[in-house]
Each structure stands twice: as structure tokens, then as C-alpha cells.
Amino acid sequence: MRRLLIVSAVLLTSAAPARAALVQLKPAQGADVARRGGGAELAPELRIWRVDARTLARLRRAGAVAVAVPERLFAKTSAAQQATDPLVPTEWWRPAIGADRNDPPGPGKPVTVVDSGLDITHPEFASRPDTILMNRQTVSADDEDHGTEVSSVIAAPSNGFGIVGVYPQAILRVWDASPFGILNEGAAIQGIAEAAREGPGVINLSFGGEDPDPLLEDAVMFAYRSGSLVVAAGGNEGLEGSPKGYPAAYPHVLTVGATTESGHVASFSTVAPTVDLVAPGVDIPVAEPLAQEPSGYLAVPGTSFSSPLVAGAAAWVWTERPDVDNTQLFEIMRRSAVDVGPRGFDSGSGYGLLNIPNALGYRTPASDPQEPNESPTEIEPHGLFTAGTEPLTRPGHLAAFLVAHVDRSEDPVDLYRLWAPAHAVVHIRAAGSVKLRVLQRAARVAKAARPLAVGRRGAVAYRNAAAHGSFVYLELRPLTRSVEYTLRITTARR
């Protein structure tokens, strides 16, 4: 019986890591205390540190803690895996996604694998060009085979033996997030931030857990704001009730389910409204660390291997279409998929099965500006992002026009700042099936927040009766699954 690759989050159990906590500091507070206490700064842009219990207590006393969580490990359990003849003919996924109908390009947009370490002694990687080790790599522990497997699905070279990845000449960057022999939350956050810092590219996350983590979400949003496409495995809990899993369930994450050789969604693939598309995920030939499998190859199941097929394909498409941004690439990859489930979008297969030729030729969608912009912390200066986002209107610039979109699962809210001059009326018109609300500027915005004005038939007006001008929020939510809208804002004295 073949064991499914199941990913879950567990509390740290080893003595040293168990004392660790992940802390997000308040702006301009606590860094000296964390540093003096021996803390490790994991993501400076997000003010995330790893500290021990004593330093955490000092930071709390200093009032410098915004968020603090115990550091966890992302653990996987794996079943007996079947060795396979390491030849390209075993890679049944190639014709299934159209990888055999186009020649992949040379090096272009990078793909970063945040996972366990890469076996750089393996024949697939020992002399592979454009392979960048972003930190120290280890593959000695039983659970440290995963990163080599995932990396090979993306970028195993065409070198005359073994397997060939979906994008053989990709620039492959690898971050080892398993410093304790198993995927570690803080190290994963650090790797995502480091990948984003290197510039726009594709980031593959073939791990997850059932507990949401605001710091992991912040790292993913930082990567997306920085211009990268984040691709994640949807999870292997389809036979266990499909609990929500993270980071797959976060907005702006391209979430991938698994299919069988017959083209059906695999029974183990998690069913969720956040699934964007599917890719082959059963009997996938992969490179295995030589210390764990003398032949160097296995055949494995799981969405962990569907995700890198999409990540590698996305980097291929981005290299061929360098003028698109990450918001456009996101839509290209899922909208070009071939419908394989119930007609249209469904929670098992999303928009359908990955198809590389379709993605290469798919029309260029409109860019989605200012993402992510779901909450005040994402749009206000010195919130999650130092610069925040530009207000749509401001003193001296009282009109605006833009095209954007919202999606119930991937982009559920668009929040913008507008300038409302004293004794003036701000007129807002939206073409598209969206709900409009004007809200008071606040640290948090809830669905039940009392609005200053509510839209009717695509229009809303807000009059500022105060003696001074102020910023307000404009909130848009989709009334159908996915909506592209145009927004026009004008301001008048009456």
C-alpha cells in the first residue's frame, strides 16, 4: 500500500527549539532588546525575530511585541515509496500538461524552493548550472529528502540520464528550511523573505499545516507585494475531511491540487474553494538523496509534487512572457487550465488541469494594482509594508481611475485610501459586480463595521461635513466568484 505524503504542523519537540518563539516587533521598538538577548532577525522587513523565552518576556515588559507565537515544525509523514526506472518515459505527467509540445527556454525567471535541503551530490544536481544554494543544505535526516524530490520535479536537467524536470534550465534557488531535520516555521519564513528580497520570481511551498499563522501569512504577503508568485501544495487530506491548510488557503497563493494518470482529481487531494488548479500528483518520478535510496530515484504521490510542476511551468511562462507581472501570471496560470471536473470552477480541480501551451498563448489579463490590499496594515504606511500603498486620491489630486479585480478566495477585499476634502462630496462609480462601502479610517476593518456610506447600483457618494479634510477607506467585495471592475472617483464641492 502506497503511503500518501501528508503535511501537518506540530509543536517543536526537541529541547533547544522548544524554547524558541517567533516575535513580530512593533515598528521601531525592541530590536536592541532582541539583539542583546541573542535573538535572530529572520525577516527585517517584517520585523520578525526568533527569541528565547527570557528575551520574549523582556520584550513583553517593554511593550514591544506586536505578535508572538511558539515556533513550530512543519512535519511530514511518508509511506513506503516505490523505486522506479529513472527514465523520461516514466514521466507520464509530461504529455498530461503539454510539456512535450513546446521546448522550454533557457535560464530566465528564477524558481525558489523553500523546503528541506538539496542533495548537491546527486547526479541530477552535482554539475547542474544555475543552481544556487541560498544557505547551508543538509539531507542526513529521514525527513530531509523532500527538498531534493521537489527540486528535481522543477529543474532536473536534460543530461542524458535520470529524469527531466518541467523546466530543465531554470535558475533554481534552494533554501533549506529544515535546520532540525524537519521543516521549521521560522526558517521557512526566513527563506520566503530572502527569496522575495532577491527580486521577482516563483516561490514553491510544498508544506503546510492546519493552524493559521499570521507571521507566515505576512511573509507570503511580503513576497507577493515584492512581485513574486507564491505556489503552494493544496494538501493531501481529501480522505480526511479536507481541513483548511496553510499557506495554501491564504489569499494570493496559487494553490495546487493533484490528479491521477487518468486525469481525475486524486482521492487524497484536499478539496477547498482555494484550489486554483491541479497538476499530476501520483507516481511522480523524483530524485532521491543517495544516502536514502542507492538508485537515486523513487516514484511518489502527493500535492507536494503537483505544486512544483505548476511552479516550474509558471517560471517557464514568465521567462517567455517577461512583460507580465505576478498578478497577471497568477491569472494566466489558472485561467488557461483545462477543465477536468464539473463545468467551470469547482473546489476539487479549481479552474482545471495545468496546460503549458495554453498558458504560453493565453491573453494577457489586466494587472491588479496595489496588491495585497485586504487590510489597513497592508495599505497604511509603516504597517506591514513601510511604504504602504498610494492613496487613490489626495490633496491636489481629487480624481482617479483604475482597473482591478477581486476574487472570493484569492483576493476577497480591495481596500483603498481616498481623500475627502472638507465640505466636499466624493463620488465613486464602479463597473462590475462588486459591493461598495466607504468606511472610517481605522486600525482594523470588519465586515460588520458601520459604514459611512453604502453603494447602490455600482455608485456611492460620501460627503465630508467636517471642517477639515480626512482620509477614508473605500472597500470593494465581489458579489460573484471573480470580478474585474473599473473604478472612477471624482470630487465636487456639492
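The values are calculated or read from the model by the stated rules, or taken from the named source; none is laboratory data. Please read these numbers as outputs of a predicted model, since none were measured by experiment. In this analysis, Cβ positions are derived from the backbone assuming ideal geometry, glycine residues included, and neighbour counts consider all displayed protein chains. In case anyone asks, the SASA skips ligands and DNA or RNA and just uses the protein heavy atoms, side chains included. Shrake-Rupley method; radii C 1.70, N 1.55, O 1.52, S 1.80 Å.
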*Could you tell me whether ASP414 is among the acidic types (Asp, Glu) and within 14 Å of ILE379 (Cα to Cα)?*
yes
*Mind listing whichever residues of the range 440-450 are open to solvent by 50 Å² or more (accessible area, probe 1.4 Å) and either assigned to a loop (DSSP other than H, G, I, E, B) or farther than 16 Å from ARG417 by Cα (or both)?*
ARG441, ALA443, ARG444, ALA446, LYS447, ALA448, ARG450
_Just to be sure before I move on: is ILE189 buried (at least 21 other Cβ atoms within 10 Å of the Cβ), touching a residue at least 40 places away in the same chain (Cβ under 8 Å), in contact with a helix residue (DSSP H, G or I) (Cβ under 8 Å, 6 or more places away or on another chain) and not in a strand (DSSP E or B) in the structure I sent?_
yes
_With at pLDDT below 95 and part of a loop (DSSP other than H, G, I, E, B) as the only criterion, which of PRO212, PRO200, PRO251 stands out?_
PRO212
*Identify, by number, the condition in (1) assigned to a helix (DSSP H, G or I); (2) within 20 Å of PRO280 (Cα to Cα) that GLY235 doesn't meet.*
(1)
*When both residues are 6+ apart or on different chains and their Cβ atoms are under 6 Å apart, which pairs have a first residue that lies in the range 34-52 and is over 19 Å from PRO179 (Cβ atoms), and a second that is acidic (Asp, Glu) and open to solvent by 40 Å² or more (accessible area, probe 1.4 Å)?*
none
*Could we say that PHE268 is of a type in the set (Phe, Trp, Tyr), farther than 20 Å from ARG335 by Cβ and not in a loop (DSSP other than H, G, I, E, B) here?*
no
*If we keep just the residues of the range 464-479 that are part of a loop (DSSP other than H, G, I, E, B) and free of Cβ contacts under 8 Å to residues at least 60 places away in the same chain, which is least open to solvent (accessible area, probe 1.4 Å)?*
ALA466
*Any residue at all in the range 221-232 that is part of a loop (DSSP other than H, G, I, E, B), among the charged types (D, E, K, R), open to solvent by 10 Å² or more (accessible area, probe 1.4 Å) and farther than 17 Å from LEU42 by Cα?*
no
*Between residues in the range 379-395 that are over 14 Å from TYR473 (Cα atoms) and residues that are at pLDDT below 95 and of a type in the set (D, E, K, R), which pairs lie under 8 Å by C-beta distance while being six or more apart or on different chains?*
PHE385/GLU45; THR386/GLU45
*For the range 123-177, how many residues meet the condition of being free of Cβ contacts under 8 Å to residues at least 40 places away in the same chain, closer than 30 Å to PRO95 by Cβ and either under 25 Å from the mean Cα position of the chain (by Cα) or open to solvent by less than 40 Å² (accessible area, probe 1.4 Å) (or both)?*
2
_Subset of the range 53-73 that is of a type in the set (A, V, I, L, M) and touching a residue at least 40 places away in the same chain (Cβ under 8 Å) - its residue that is surrounded by the most Cβ atoms within 10 Å (Cβ to Cβ)_ = LEU73
